[in-house]
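Enquirer: My questions will all concern the structure given below.
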Amino acid sequence: MKKLFFALSFLWLCKAQAQDFQKEEIKNTIQTFFEGFHHRDTVLLRQVCADKMILQSIEENANGNQLTEEPQAFFYRSIASMPQTLKYREQILSYTIQVDGSMGHAWTPYEFYLNGALSHKGVNAFTLFKEKDRWKIVYIIDTRRK
């Protein structure tokens, strides 16, 4: 009985470590996304984004809530064409990551700064797919509040 307990404990520990490793990979993928975003590097962004990634935003204001969708090609063009004089930074406040096989989800509250001033804040929700040995972002939706 004691051997069975140790064997089951060992298997549970291995599974927990594998899950932690998957979560760390997802976090690294999102951090790479923001590295590309902040450096206006669409080549780096494309490495972590799926070919048919969906981008949506929910803007919350006094006039009500509005859902918008941004085509992926437009997203890349807008990142690459931002003037160097514009300083922007999205600061991720925390990560809550869940994994089930080849699907991952990350919930990341954030604050967005333009030229050093807080512009808006909200939450990003990333859905990822493990393609071969790499996590790819397939869907991003965020909330935006002033």
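Enquirer: Show me the strands (runs of 3 or more DSSP E) found entirely inside the stretch 40-146 where at least 1 residues are closer than 28 Å to Asp20 by Cβ and of a type in the set (Gly, Ala, Ser).
Expert: Details: elements: 49-61, 64-70, 88-92, 96-100, 103-114, 117-131, 134-145.
In the stretch 40-146, 49-61, 103-114, 117-131 are the strands (runs of 3 or more DSSP E) which contain 1 or more residues that are closer than 28 Å to Asp20 by Cβ and of a type in the set (Gly, Ala, Ser).
Enquirer: Further question on the same structure: I want to confirm something. Restricting to the stretch 39-72 and keeping residues that are touching a residue at least 40 places away in the same chain (Cβ under 8 Å) and more than 22 Å from Gly104 (Cβ to Cβ), which single residue is nearest to the chain's Cα centre (by Cα)? Spell out how you get there, then give the answer.
Expert: At the first step, the residues of the stretch 39-72 found to be touching a residue at least 40 places away in the same chain (Cβ under 8 Å) are 40, 48-50, 52-61.
Of the ones still in play, those that are also more than 22 Å from Gly104 (Cβ to Cβ) are 40, 59-61.
On the way: Arg40: 16, Glu59: 18, Glu60: 20, Asn61: 24 Å.
Within the stretch 39-72, the match that is nearest to the chain's Cα centre (by Cα) is Arg40.
Enquirer: Just to be sure I understand, how many residues within the stretch 93-139 are of a type in the set (A, V, I, L, M) and either farther than 23 Å from Asn65 by Cβ or touching a Cys at 6+ places or on another chain (Cβ under 9 Å) (or both)?
Expert: Taking the stretch 93-139 first, the residues of a type in the set (A, V, I, L, M) are 93, 97, 99, 103, 106, 114, 117-118, 123, 125, 128, 137-138.
Adding the requirement that they be either farther than 23 Å from Asn65 by Cβ or touching a Cys at 6+ places or on another chain (Cβ under 9 Å) (or both) leaves 97, 99, 103, 117, 128, 137-138.
Total satisfying the criteria: 7.
Enquirer: In addition: Can we say Ile54 is within 22 Å of Arg145 (Cβ to Cβ), modelled with pLDDT of 95 or more, of a type in the set (Val, Ile, Thr) and surrounded by 14 or more Cβ atoms within 10 Å (Cβ to Cβ)?
Expert: Working: within 22 Å of Arg145 (Cβ to Cβ): yes; modelled with pLDDT of 95 or more: yes; of a type in the set (Val, Ile, Thr): yes; surrounded by 14 or more Cβ atoms within 10 Å (Cβ to Cβ): yes.
Here the answer is yes, as Ile54 does meet what is asked.
Enquirer: With the checklist (1) assigned to a strand (DSSP E or B); (2) within 15 Å of Thr127 (Cα to Cα) in hand, flag the one item Asn28 doesn't pass.
Expert: Single failed check for Asn28: (1).
The values are calculated or read from the model by the stated rules, or taken from the named source; none is laboratory data. This structure is a prediction, so every number in the text was calculated from the model and none was measured. So basically every Cβ, Gly included, is an ideal-geometry build from the backbone, and we count neighbours across all protein chains shown.
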